[in-house]
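Let me begin by presenting the structure, written as structure tokens, before commenting on it.
The values are calculated or read from the model by the stated rules, or taken from the named source; none is laboratory data. Treat the numbers as computed from the prediction; the structure is a model and nothing was measured. Note that we place each Cβ from the backbone using ideal geometry, even for glycine, and neighbour counts take in every protein chain shown. The protein model used for the area step is the full one, side chains on, heavy atoms only, and it has no ligands, DNA or RNA in it. Shrake-Rupley method; radii C 1.70, N 1.55, O 1.52, S 1.80 Å.
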Amino acid sequence: MEWHPLSWNEKPIKQLPPYPNTAELQRRYRELQNLPPLITSWEIDKLKEKLADVSNGNGFLLQGGDCAETFEGCKSPKIVNLLKVMLQMSFILVHEMGTPVVRVGRIAGQFAKPRSSDYEEIDGVKMLNYRGDLINSYEPNAEARKPDPARMIEAYNKSGLTLNFLRALTDEGFADLQHPEQWELDFMKNNEYYKDYEAMVNSIHKAIHFMETITPNVFTTLHKIDLYTSHEALNLYYDSAQTRQVPRKPGWFNLSGHMVWLGNRTKQLDGGHVEYLKGIENPIGIKVGPPFDLDDTLRLIETINPTHEAGKIVLITRMGVDHVDEYMPGFIKAIKKEGHPVVWSCDPMHGNTFSTENSVKTRSFDDILEEIRTTFAVHRAEGSYLGGVHLEMTGDNVTECVGGANGLNEEGLDTNYETYCDPRLNYEQSLEMAFLVAKEWNKSYGNS
Ligand code: PEP
Ligand code: CO
């Protein structure tokens, strides 16, 4: 069978409930096909080049954002805050590691979610589970939970608005956020490494002032900041309607986001998601965590990247803190043996979710950090380069994950628990994590 943007539709597909009205689905699909692209093929090529560098040990990938974006969350402060925290984290990483950082947001398209069960019961009524605003409504009634293809247009619109604002902000370098004296850092006083942290902030401060003194235009240092977009390619109607050919270049590009990823639950070799992803030019994230089969994973990578193109595959491992030692050494050895030029990234979030006694879904800062630490350690021992982290995080002051220097405990979780899906690191926890990631990276790959 020859690949085309809809060839996945002839394969079995997981995690995508059937739309009840196929005529309406087709109408919306065509509407989406005719709308202008959100991003360009040359941006995709550029990101791939940067990721190729990372796969060679030059650079570090910082990928992060909400577990699930919502239509309602398409608002100025939320977008600004995510950009702000990602920039600040990347300054910390650049400064501490002396290597370029590639920033990729889970943003402007991250609206669809895999779920462990198709149905749930609320107040005695059985209804479809919420699968993200791209598919159905969070509202707890059976009608609102039906998949609605008009939501694909709304997701496109919200992504476009988000991207437009991001591009405007990054165009001028988002100058006032480059100054660490404007960061909110008091919380770090409780971290055991506060002295190191303070020294780093002072040194970033000095470096920026130095640049501003010697360059007449204060914006030149960080003019045009790049933030790439990414989402899980889950609702393949949305992704395939925006998969296009472009003039004078071979191949098909998903022009809805720079990078897309394959979720841990949709990675079946003979399934629709793998069929779709093998035909597009974008860099592709592959989530790998238990349960997984090593041989199947190798075949999956070979299927998606048969030419062994560098910068194409980001292997995002999400083992859970207790499983890193069990799975990672064999996995790294096997990838080396096959000669796959992958970017290794660690998602320390998805294997470490638990519920409190009050049934609040959370994650602990310590588990997240420990998965990062052990993953670095295994890569170091295997002579391999861990080139990125993948975090669920926000720039807002939410209370969803416990721990961190601000000492959030389980009782504090309901103060500002906002997520509809998985718990995220908040502003302070994210900055602290960046600092600790840089420390771990230096242990493995630093010169000192
Ligand atoms: C996610 O990244 O939101 C997600 C669902 O991850 P995974 O597929 O690794 O469970
Ligand atoms: Co998630």
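Tyr156: farther than 25 Å from Ser430 by Cβ, open to solvent by less than 60 Å² (accessible area, probe 1.4 Å) and part of a helix (DSSP H, G or I), yes or no? Outline the logic, then answer.
Working: farther than 25 Å from Ser430 by Cβ: yes; open to solvent by less than 60 Å² (accessible area, probe 1.4 Å): yes; part of a helix (DSSP H, G or I): yes.
Here the answer is yes, as Tyr156 does meet what is asked.
Which one of these is away from ligand 1 (no atom under 15 Å from the Cβ), touching a helix residue (DSSP H, G or I) at 6+ places or on another chain (Cβ under 7 Å) and either modelled with pLDDT under 95 or assigned to a loop (DSSP other than H, G, I, E, B) (or both): Ala334, Ala310?
On the way: Ala334 fails: either modelled with pLDDT under 95 or assigned to a loop (DSSP other than H, G, I, E, B) (or both).
Just a single option satisfies the conditions, and that option is Ala310.
Check region 282-302 and report whether any residue there is within 20 Å of the chain's Cα centre (by Cα), under 14 Å from Pro5 (Cα atoms) and open to solvent by 10 Å² or more (accessible area, probe 1.4 Å).
Checked against the condition, which is being within 20 Å of the chain's Cα centre (by Cα), under 14 Å from Pro5 (Cα atoms) and open to solvent by 10 Å² or more (accessible area, probe 1.4 Å), region 282-302 yields no hits at all.
What tally of residues in region 132-152 results from selecting those that are loosely packed, with under 15 Cβ neighbours inside 10 Å and outside any loop (DSSP other than H, G, I, E, B)? Show your work before the answer.
Our first condition is that a residue be loosely packed, with under 15 Cβ neighbours inside 10 Å; within region 132-152, this holds for 139-144, 150.
Now narrow it down to the ones that are outside any loop (DSSP other than H, G, I, E, B): 150.
Here the count works out to 1.
Take the residues in region 409-448 that are among the aliphatic types (A, V, I, L, M) and within 22 Å of the chain's Cα centre (by Cα), then tell me which one is farthest from ligand 2 (Cβ to nearest atom). It would help to see each step written out before you state the result.
At the first step, the residues of region 409-448 found to be among the aliphatic types (A, V, I, L, M) are 413, 425, 431, 433-434, 436-438.
Then drop every residue that is not within 22 Å of the chain's Cα centre (by Cα), which leaves 425, 431, 433-434, 436-438.
Details: Leu425: 12, Leu431: 21, Met433: 16, Ala434: 19, Leu436: 21, Val437: 19, Ala438: 24 Å.
The qualifying residue farthest from ligand 2 (Cβ to nearest atom) is Ala438.
Quick check, is Ile316 in contact with a strand residue (DSSP E or B) (Cβ under 7 Å, 6 or more places away or on another chain) and either assigned to a strand (DSSP E or B) or away from ligand 2 (no atom under 16 Å from the Cβ) (or both)? Spell out how you get there, then give the answer.
Working: in contact with a strand residue (DSSP E or B) (Cβ under 7 Å, 6 or more places away or on another chain): yes; either assigned to a strand (DSSP E or B) or away from ligand 2 (no atom under 16 Å from the Cβ) (or both): yes.
So Ile316 passes the test.
So, of the residues in region 379-400 that are of a type in the set (Val, Ile, Thr) and buried (at least 24 other Cβ atoms within 10 Å of the Cβ), which turns out to be farthest from Ser55 (Cα to Cα)? I'd like the intermediate steps shown before the answer.
Of the residues in region 379-400, the ones of a type in the set (Val, Ile, Thr) are 389, 394, 398-399.
Keeping just the survivors that are buried (at least 24 other Cβ atoms within 10 Å of the Cβ) gives 389, 394.
Working: Val389: 13, Thr394: 27 Å.
Selected residue: Thr394.
Answer yes or no: is there a residue in region 345-362 that is away from ligand 1 (no atom under 15 Å from the Cβ), closer than 21 Å to Leu61 by Cβ and in a loop (DSSP other than H, G, I, E, B). Step through it out loud before you land on a result.
Step one: list which residues in region 345-362 are away from ligand 1 (no atom under 15 Å from the Cβ), which gives 355-360, 362.
From the residues that got through so far, the ones that are closer than 21 Å to Leu61 by Cβ too are none.
No, because not a single residue in region 345-362 is away from ligand 1 (no atom under 15 Å from the Cβ), closer than 21 Å to Leu61 by Cβ and in a loop (DSSP other than H, G, I, E, B).
One line per residue, one yes/no per condition, for (1) within 13 Å of ligand 2 (Cβ to nearest atom); (2) touching a strand residue (DSSP E or B) at 6+ places or on another chain (Cβ under 7 Å):
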position	(1), (2)
Pro341	no, no
Gly351	yes, no
Ser359	no, no
Arg373	no, no
Leu386	no, yes
Gly407	no, no
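Which of the residues that make up region 59-76 are of a type in the set (Gly, Ala, Ser) and either open to solvent by 20 Å² or more (accessible area, probe 1.4 Å) or touching a residue at least 24 places away in the same chain (Cβ under 8 Å) (or both)? Walk me through how you get there before you give the answer.
Step one: filter region 59-76 for residues of a type in the set (Gly, Ala, Ser), giving 59, 64-65, 68, 73, 76.
Answer for region 59-76, where residues must be of a type in the set (Gly, Ala, Ser) and either open to solvent by 20 Å² or more (accessible area, probe 1.4 Å) or touching a residue at least 24 places away in the same chain (Cβ under 8 Å) (or both): Gly59, Gly64, Gly65, Ala68, Ser76.
Being buried (at least 18 other Cβ atoms within 10 Å of the Cβ), over 21 Å from Ala112 (Cα atoms) and touching a residue at least 40 places away in the same chain (Cβ under 8 Å) is the filter here; which residues of region 409-430 pass it?
Leu413, Tyr427, Glu428, Gln429, Ser430
Across region 307-349, which residue is surrounded by the fewest Cβ atoms within 10 Å (Cβ to Cβ) among those that are of a type outside the set (Asp, Glu) and free of Cβ contacts under 8 Å to residues at least 12 places away in the same chain?
At the first step, the residues of region 307-349 found to be of a type outside the set (Asp, Glu) are 307-308, 310-321, 323-324, 327-337, 339-346, 348-349.
Right, trim to free of Cβ contacts under 8 Å to residues at least 12 places away in the same chain and you get 307, 337.
Numbers: Thr307: 6, Lys337: 9.
So the residue we want is Thr307.
Could you grab me the full set of residues in region 319-331 that are among the β-branched types (Val, Ile, Thr) and not in a loop (DSSP other than H, G, I, E, B)?
Taking region 319-331 and keeping what is among the β-branched types (Val, Ile, Thr), we get 321, 324.
Answer for region 319-331, where residues must be among the β-branched types (Val, Ile, Thr) and not in a loop (DSSP other than H, G, I, E, B): just Val324.
Any residue in region 116-131 that is closer than 21 Å to Met393 by Cα, open to solvent by less than 20 Å² (accessible area, probe 1.4 Å) and not aromatic (Phe, Trp, Tyr)? Can you show your working first?
So in region 116-131, the residues closer than 21 Å to Met393 by Cα come out as 130-131.
Remaining after also requiring open to solvent by less than 20 Å² (accessible area, probe 1.4 Å): 130-131.
Filter again for not aromatic (Phe, Trp, Tyr), leaving 131.
Within region 116-131, one or more residues are closer than 21 Å to Met393 by Cα, open to solvent by less than 20 Å² (accessible area, probe 1.4 Å) and not aromatic (Phe, Trp, Tyr).
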